[in-house]
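The values are calculated or read from the model by the stated rules, or taken from the named source; none is laboratory data. Here the structure is a predicted model, which means the values were calculated and not measured. Don't worry about glycine lacking a Cβ; one is built from the backbone with ideal geometry, like all the others, and counts go over all protein chains shown.
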């Protein structure tokens, strides 16, 4: 299956279990893989046969920078749900949400969740 990738999108949001995460906010990075056939788009050179990357970015930005939730699992699920609702050509997606600076003591690059969802027929 072909795919479109948007990597390391950076946002600022207010998600988390701790009160300071919801008050101060923090950085969130998001990767998505969009699975669909790109053959027709490659042949026709018509955006109607693909998915517009800019629209994908805007949908994700609204979620990550929008209403607060407790878990990045919820952020990922909301992104996947919105992508399926917005892009009928999408057959599956992988969404990875990173917190580069979570309030956890220790040395690490980030914490993240990754989900894979397929279109329900």
Filtered residues of the range 9-33 (kept if in a helix (DSSP H, G or I) and touching a residue at least 40 places away in the same chain (Cβ under 8 Å)): 20, 21, 22
Failed item in (1) under 18 Å from residue 32 (Cα atoms); (2) modelled with pLDDT under 95; (3) surrounded by 14 or more Cβ atoms within 10 Å (Cβ to Cβ), with residue 102 passing the rest: (1)
Suppose we filter the range 17-57 for residues that are under 16 Å from residue 100 (Cα atoms), buried (at least 17 other Cβ atoms within 10 Å of the Cβ) and modelled with pLDDT of 95 or more; how many remain? 4
Does residue 67 meet the test of being free of Cβ contacts under 8 Å to residues at least 60 places away in the same chain, exposed (fewer than 14 other Cβ atoms within 10 Å of the Cβ) and in a loop (DSSP other than H, G, I, E, B)? yes
Please work out if residue 113 is under 19 Å from residue 21 (Cβ atoms) and either in contact (Cβ under 8 Å) with a residue 60 or more places away in the chain or loosely packed, with under 15 Cβ neighbours inside 10 Å (or both). no
Residue count for the range 90-121, restricted to those that are under 30 Å from residue 48 (Cα atoms), within 17 Å of the chain's Cα centre (by Cα) and part of a loop (DSSP other than H, G, I, E, B): 3
Could you list, in sequence order, all residues of the range 4-16 that are surrounded by 14 or more Cβ atoms within 10 Å (Cβ to Cβ) and farther than 16 Å from residue 66 by Cβ? 4, 6
Would you pick out the residues in the range 42-57 that are touching a strand residue (DSSP E or B) at 6+ places or on another chain (Cβ under 9 Å) and either touching a residue at least 60 places away in the same chain (Cβ under 8 Å) or part of a loop (DSSP other than H, G, I, E, B) (or both)? 50, 51
Reported set for the range 70-89 where residues are loosely packed, with under 12 Cβ neighbours inside 10 Å and either touching a helix residue (DSSP H, G or I) at 6+ places or on another chain (Cβ under 7 Å) or in a helix (DSSP H, G or I) (or both) is 85
Condition test on residue 60, is it touching a residue at least 12 places away in the same chain (Cβ under 8 Å) and buried (at least 17 other Cβ atoms within 10 Å of the Cβ)? yes
